[in-house]
Structure formats: structure tokens, C-alpha cells
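Down below is the structure, laid out as C-alpha cells.
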């Protein structure tokens, strides 16, 4: 079973403090949506409002076409997996999973059947009579998911469920969650501040910042066409390079930008693009820059720190005017700290941001 | 080659030996009156009339304990103490748990103010309210009743404080998970929260039981009829005339007999008491 989720003009206020401001969002049935944003941006609060654990100050929330923001959490048809797992410590795995079904009067044999099926799906059937303190972090996490599955909810809500796991287990569980979604076909909302989790799991990512939604889109849309400078800086590792503009004029085939540290560069932005130079910046991802072969000319960059990650090498350097620039090179690139490199630009990959942080596209 | 400098040395056993001796001496001091009492209880009254140093000489006898079984009122007082201490303990556990849950988890007007008022109870000595309470219980005809002996103890400010702190220490995620599991507020309290507070309940229960068992002040005032005496009052009343009647050995046997239930409770719940005293229960 899966259901659509609609949020219309939802706000959350604590007295004079506004935590979420006029959020509207449509999630299709069966969709895997990730709320991504820095700590304190309101993503967990929004999830808790959908779950019914926080009141809605204004606006409406509907699940499967039925308005639910006036209903208690247990009546909304959603199940939640908490960051801490929130298993009942004095109950066995079986009792943890059965508790929610007992509360709604599901017959005992049906409870037994559902618990068994979920335990088999999650490969925890051998742990069914253990208490949570006898389980590892990963096993507890599976039980928490199992507790949600047995309820056959209209939507699953995950509140940073992987953040208490070690790196290896996190990667494996991420994969299993994706498989679970494919198998159940349920609507899932997943809150995280980890962009890798968001990029790998989501059908669509909702990027949140400072009480608002910054952008909604598929992972590649978000990555390739960030709507704001915040989104561009938040998605991608290493962080996108931002260089201030000093002048904008018509070039040979598009806009010609005078960029701090780079000088005058020809771009593919249409020449009629409207943008005020004051406060505007050029965004370049590190992987869109490359190191010129010996003898070729480019932008001189003095390498300060070289990070070797195996498959790639990150070069953190300084341009002629002191501006910082990060370049991603091949894993085998023979770069040493202190060396002056020649960096090649790819103008087609540039991102242009106005002073208010909004991304400027051709013709705007 | 220079040896690496050792910055941490575990304390050796010899270093703690003076502490061990100190503890042993203190234990002996604590145990001496108990041992003395037991010694007196197994001597005949005639021997003790000649001098209490006869404790250190044979013969020993269980006649005082047999006399308790045949003639003493101790059994009646024991029953009274069991009823009062158990009722008192149950009352404190029920009320403190409910109040603690309310203060820790429920939203209601003036919650903090009411909590502070309850905590003020810790600062009010029983002696300060005893006359008013006596008067009130007199009007309500509660003197010389079990309810009258139990009721004042139900309002345990310490119990409410302890349970509130314990409920507060339980992560809120647990209640929220139960809410999403469609559990009612009472079911959350009964099936989820209360079982999680068992260590605190045990701690509070033991201290309340021992306190009620040893209580002297209120039963002395409220129980004026001999058949309503608790053990503490009953034994104290015997002490005033032991020279004329039963004698020192019999009295000592009564005291040992009276302390047995408390010792049994202690032995059963020893682990919880140690945890409670070391503060580990409220983590």
C-alpha cells in the first residue's frame, strides 16, 4: 500500500520563532523523497509534522487524499523509523513489532503472520525473541524498520536512520533500503544531512535551508542545475568553487565575464542574460576543471594541499589574486604541494549566481 | 635507550589496604549492637539478671523465641507493621509513578509551579504539621485505623521527585514511537513507561518500605489502642516495663524477630539498594 502526500502552505512557529515557512510539496504514491539540508533547517520538524509528532501552525497535510494534520499520529497511516530506533527496551523483537498491531486490534494469528514475514524479509527471524540490548546497531535498525513494515503503512518516514551506523554498515543498509523500496513500492520520506544518502536513494530530493525549500528535483537535476548558490554549495564534494565577478559584457558568442583570479573568460551564457555584476559570482565544480598537459597554457594555480583519494586527486590551490580554487585531477596525477599548475576551464559547465544567490540561466 | 615515561600507574592493592581495614573496623562498630542484641536474645532472663556479661558464657537457649510464639503480642504488631508498611509502599509507588509521569510527560497549566510546590514538601518537617494532621485525622475518625496509619505517608515528595527525574531520563522517542503505534496515553504509561521505571520503583519501594517499617513518630500518635500498635510502638511499650515483666532476653528476642522482615527485604533487594545509594538508578 502506498499513498500520495500533499503539503499545502505548511508553517511551524514556536511563539515568535518561525521554524518552517509556507512549505508546499506534492509527493506521489510510491515515490522515495529525501529531505536534505544542514542541521537546523527544519527538515526533521517537517517530517515530524507529517508524522503528527509536531502540530501544524498553519497549512494542511494530506495522506492519500485524506487530510491528516488534525489526526493523532497513530491514525495517520504512516510509520516512522527514528534516528535512535526508539525500540521498547523491555520487549523482545517480536513484541516490539507486534505492539502497534495489538493496539489496533489486529487478530493474533494475523499479527504472527505479519511479524514473521517482516522478520524474514529483513533477515532477523533468528533474533525474534531477543531484547534490543542484545542486538547490534544494525540489527536494531532492522527491527525498527520491521516495526514499521508490519503496520503496512501508507508511507514510511525515516528520520536520519543511518546516522548511528558505522560507515561500512551505512553503505550496506543504504543499499538494502533502496531494495526494500523497490520491493514494497511504498511512499518513503527520508530525512538526512548526508548528500550521498540523498543522491543514491532519492527519486527526488527536497533541499531545505533556513525554514524554506530551496529546490526540489531529481538528484541529477539538483547536481547539474542547482537553483541557488546554497544548493550548489551544499551538493557535491568538494564544494563548488565560487569566484566573484568584476565585470559582465557581451563576448564573441555569449557573455564575457571578468572573474576574480581568472581574468576575462568567454562563456556560453546567452549575451542577453540579465544579471547585475554587483555581488554576482561564478560557480565552477572542481571536476569541471582540469590540469593542462605540460606545455599547454591555462590559469596558473599554486597547489597548497594535495589530497590523494585513490581514484582522484584533489588539489586545493591559490590563484594569482589570492582567490582559492579546488581542482579535481586524475588519481595518478603527479602533483605536488607548492607546484604551480596550469588549469584548464570548461565554460560550458559554469554556473552563474546573482547577488541574492539565485542561479541565472540563459535569457533570465 | 631511554625507557618511555609511564604517565599512569594503576593503584596497587596495598594502597587501598588502609581503606579496607577502615571499612572492616567501621563494619564491626556497626555490627556490634546487632551481635549484642542477638546474644541477649539467646540468654535466659535469669542469667541476664546476674549481669549482661553472661552473654559471653554458656549456656544459650531459644526459650525467648519460643515464648514469643506462645505468649507475645508481637505477631499482632508484626501483622500491623506488614499491613501498614506494604500499604504505605504501594500507595507511594502508585501516586509517585502517576505524578512523576504527569510532571515529566504531560502538558498542563502551571505544571512547573505545581512541581515546585510538591518539592517544597521535602523542606517541611513532619513535626511542623503533626498537630494539624492529628486534629484532622481525629475529625475524620482515622486514628487507630490502618488507613490512618498509612495515609500521611502517601504524599511522598521524594517519591514524586525521584519518579519525575526517572521518567524525564527516558528518551521521548520511545513515547513517540508508541504514539505512532496508536497507543493511548494510559497504554503508553502502563505498557511502555512503567516497565522502564522498574529500577526506580524498586529503589523507591525499598526505601519506603524500610522507612514505614521503622516509623515510630506517627504510629505513636495515631495508634493509641494496643491492638493497633505497629512493631516499633509495641516493642517500645514493652521496654518501659521489661524489668517487671518479660525480661531483657525476651525483649531482645522480640527486637530480633521484629527486624527479620526488614533484613529479608534487604537481602532480596540488596542489589537495588546498593544501586540506589550509589545514585546509579537515576541515570
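Summarise the partner chain shielding of B:169-179 as one whole number: the mean count of Cβ atoms from other chains within 10 Å of each residue's Cβ.
That works out to 6 on average.
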- Message: For region A:1-75 and region A:142-163, what is the centre-to-centre distance using only Cα atoms, to the nearest Å?
- Response: 17 Å
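For residue B:86 and residue A:296, what is the calculated FRET efficiency with R₀ set at 60 Å and r taken between the beta-carbons, to the nearest 0.05?
Efficiency, rounded to the nearest 0.05: 0.05.
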- Task: Please report how far the C-alpha centroid of region A:240-293 lies from that of region A:301-364, rounded to the nearest whole angstrom.
- Result: 13 Å
- Per-q log10 I(q)/I(0), region A:5-226, q = 0.09, 0.14, 0.15, 0.19 Å⁻¹ (Debye; single scatterer per alpha-carbon; no solvent): -0.36, -0.87, -0.99, -1.47
- Ellipticity estimate at 222 nm from DSSP helix runs (n ≥ 4, -39,500 (n - 2.57)) divided over chain B, nearest 500: -21000 deg cm²/dmol
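So if each residue of separation counts as 0.36 nm, and I subtract the Cα-Cα distance between residue B:117 and residue B:20, what length gain in nm does that give?
Extra length from residue B:117 to residue B:20 when fully extended: 30.5 nm.
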- Message: Using Cβ counts within 10 Å as a stand-in for footprinting exposure, how do A:345, B:98, A:289 rank, fewest first?
- Response: B:98, A:345, A:289
- Query: By how many degrees, 0 to 90 and rounded to 10, does the Cα axis of helix A:167-184 deviate from the longest principal axis of chain A?
  - Reply: 60 degrees
- Message: As a footprinting exposure proxy, order A:158, B:103, A:242 by other Cβ within 10 Å, with the fewest listed first.
- Response: A:242, B:103, A:158
- Calculate, for residue B:126 and residue B:260, the FRET efficiency according to 1/(1 + (r/R0)^6) with r their C-beta to C-beta distance and R0 30 Å; round to the nearest 0.05. 0.65
- Any chance you could give the angle, 0 to 90 degrees and rounded to 10, that helix A:93-103 forms with the longest Cα principal axis of chain A? 70 degrees
- Neighbouring partner chain Cβ atoms per residue of B:195-205, average, 10 Å criterion: 1
- Task: May I ask you to list the residues of region A:312-330 whose amide nitrogen lies under 16 Å from a point 7 Å from Cα along the Cα→beta-carbon direction of residue A:344?
- Result: A:327-330
- Task: Multiply the residue separation of residue A:336 and residue A:220 by 0.36 nm, subtract the distance between their alpha-carbon atoms, and state the gained length in nm to one decimal.
- Result: 38.5 nm
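Counting other beta carbons within 10 Å of each residue's own, what order do A:142, A:113 fall into, fewest first? Don't jump to the answer; show the numbers that get you there.
Numbers: A:142 24, A:113 13.
The fewest-first ordering by Cβ neighbours comes to A:113, A:142.
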- What percent of all Cα-Cα pairs in region B:80-231 falls in each 5 Å bin, counting up from 0? 2, 9, 17, 18, 17, 13, 10, 7, 4, 2, 0, 0
- Task: Mind giving me the nanometre distance, one decimal, between the label points for residue A:134 and residue B:236, set 7 Å out from Cα along Cα→Cβ?
- Result: 5.0 nm
- Note on the structure: Residue span residue A:264 to residue A:312: 0.36 nm per residue of separation minus Cα-Cα distance leaves a gain in nm of 14.4 nm
- Shape call for region A:90-190 from the C-alpha gyration tensor, a ≥ b ≥ c root eigenvalues: rounded (a/c under 1.5), prolate (a/b greater than b/c) or oblate? oblate
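Compare the peptides B:172-179, A:146-153 by average per-residue count of other Cβ atoms within 10 angstrom and give them in order, highest first.
Ranked from most to least packed, the peptides come out as A:146-153, B:172-179.
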- Spin-label pair residue B:185/residue A:166, simplified geometry with 7 Å Cα→Cβ offset, distance in nm: 4.4 nm
- Task: Round to the nearest 0.05 the FRET efficiency obtained for residue B:31 and residue B:139 when R0 = 51 Å and r is the Cβ-Cβ distance.
- Result: 0.65
- Message: What translational diffusion coefficient, to the nearest whole µm²/s, does the protein assembly as shown have by Stokes-Einstein, given a Kirkwood radius computed over alpha-carbon pairs, a temperature of 10 °C and 1.306 mPa s viscosity?
- Response: 50 µm²/s
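Since every read-out is calculated from the coordinates, none of them should be taken as a lab result. Quantities reported herein were computed from a predicted structural model and do not represent experimental measurements. Ideal geometry is used to build each Cβ from the backbone, glycine not excepted, and the neighbour counts take in all protein chains shown.
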